[in-house]
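The values are calculated or read from the model by the stated rules, or taken from the named source; none is laboratory data. Note that the coordinates shown come from a computational prediction; the quantities given were computed from them, not determined experimentally. Don't worry about glycine lacking a Cβ; one is built from the backbone with ideal geometry, like all the others, and counts go over all protein chains shown. For the accessible areas, the whole protein counts, side chains as well, though only heavy atoms, and no ligand, DNA or RNA atoms are used. Shrake-Rupley method; radii C 1.70, N 1.55, O 1.52, S 1.80 Å.
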Amino acid sequence: MPIFDGSTDSDRNLWHTYVYLARKHAIRSGGQPAGRKRAFVDYRMNRVSESLAEALQAVLFSCFALEYRLRRALAAMDPSLQPEQNLACLVDTFWALLRNTDRCDGKGKCAAPKEWPKCKAELKKLIRLRNKIAHANYEKVLGFVGREDSLVLARSYYNAVVDAIMLINIGTGYDPRPLDDIEEYFRPLKMADEK
């Protein structure tokens, strides 16, 4: 008989973590469990560790923040720019879509800052991981989840999203301040590097 919640204990723990996190946030927002008994996902042994669950959430919400910022920046710069692309394609085409758009500060056309390619490479890694999480690629997600440094890696991807937001502000002329001032403004948003 097929087993839908995973073929190994690790698979099942990952699945149970997904359900647990969705349920936990539904309860936190004022929802009430329908039954009085504990659900199978409530038992700690049925899920991945809390730190690994936090890493998964950091990856997913980092992607949500990135996609939101890219789409809102395009809409704000030129309302006709509403591409129906997935996030990976949007990261690839973002600056090309804006190449004929005037910067907010009037200093020419929008263009990717020189730091964009390095940032983009990190964003693409983040998106690939998000896709593995979202599309039930258990084996590859478990490879990430099983790493001791998964939370550190998730934080570095989050930092790449903060960098992307900053670079979008710079390349569109949205933030005309000197680079040092912009970096100082974004510093509190970032996570400290862990050694």
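Residues whose amide H falls under 5 Å from that of residue 109, counting only those 5 or more places apart or on a different chain, are 103, with hydrogens built in the peptide plane. Which residue, 40, 94, 64, tops the fluctuation ranking in a GNM of the chain built on C-alpha contacts under 10 Å? With Cα springs under 10 Å in the chain, the top fluctuation among 40, 94, 64 is at 40. For the set 135, 25, the ranking by accessible area, highest first and with no ligand, DNA or RNA atoms included, is 135, 25 under a 1.4 Å probe. Checking (i) 8, 35, 36, 17, 3, 0; (ii) 8, 27, 21, 16, 12, 8, 5, 3, 1, 0; (iii) 8, 30, 29, 20, 11, 3, 0 against the coordinates, the calculated P(r) over Cα pairs in 10 Å bins from 0, in percent falls under label (iii). Based on alpha carbons, the Rg and Dmax found for segment 56-102 are 11.3, 38 Å. Take residue 110: with every protein chain present and a 1.4 Å probe, its accessible area is about 10 Å².
Near residue 84, once Lys and Arg are set to +1 and Asp and Glu to -1 for all other residues with Cβ below 15 Å from its Cβ, the sum equals -1. Counting only protein heavy atoms and a 1.4 Å probe, segment 1-103 has 62 square angstrom of accessible area per residue. Ranked by the mean number of other Cβ atoms within 10 Å per residue, highest first, peptides 111-118, 46-53 order as 46-53, 111-118. Per the helix-only calculation at 222 nm, which mean residue ellipticity applies to the chain, given -39500 (n - 2.57) for every DSSP H run of n ≥ 4 and division by its residues, nearest 500 deg cm²/dmol? Calculated mean residue ellipticity at 222 nm is -20000 deg cm²/dmol.
Carbon and sulfur: what percent of the chain's accessible surface (1.4 Å probe)? About 56 percent, which is the carbon plus sulfur part of the accessible surface. For the pair residue 193 and residue 124, the difference between a 0.36 nm per residue extended length and the Cα-Cα distance amounts to 22.8 nm.
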